[in-house]
1. Pop out the ³J(HN,Hα) list for segment 85-96 in order, Karplus 6.51 cos²θ - 1.76 cosθ + 1.60 with θ = phi - 60°, rounded to Hz; leave Gly and Pro as x.
2. Rounded to the nearest 500 deg cm²/dmol, what is the calculated helix-only ellipticity per residue at 222 nm for the chain, with -39500 (n - 2.57) per DSSP H run of length n ≥ 4?
Amino acid sequence: MWCDFKAIIHTSVDKFVPTKRILSRHSHPWMNTSLRKQSNRKQRAYTTAKRSDLPKDWRRYKRLKAELQKESRQAHTAHMREKVSEDLHTQPKRFWSYVRSWKQDSSGIAALKNSD
């Protein structure tokens with residue numbers, strides 16, 4: 001009896017309770033509060049520009065986008081400098097694996113796999 005009741009509840013929840021997938025846009029370690037606020041401001045400007053379709057709103061969105069991109073790159077560079085310089089002395093293996101990851105060439109044709 002309990003199993004039947006539990007099954008009915010679960011199927012009802014799956015069928016009728018709305019679910020929402022949340023995307024995390026600010027999950028990078030260099031994203032601080034000012035960058036998050038700026039990102040939200042840019043997103044609001046995009047929504048406004050999309051709704052109004054006025055050139056003034058699109059210019060504002062593009063300006064905010066460029067500012068956010070510039071500051072985000074600066075924050076990323078500062079974070080990586082701090083992290084990499086710290087790892088160079090304490091964890092050289094991690095440092096060199098990071099350097100190798102940036103040197104890899106992703107273009108071209110991959111090597112054929114042998115079926116042996």
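1. Whole-Hz 3J(HN,Hα) from phi for segment 85-96: 5, 5, 6, 4, 8, 8, 9, x, 5, 5, 4, 6.
2. The helix-only estimate for the chain comes to -25000 deg cm²/dmol at 222 nm.
Every number here is computed from the coordinates shown, using simple stated rules; none is lab data. Just so you know, these numbers come straight off a predicted model, no measurement behind them.
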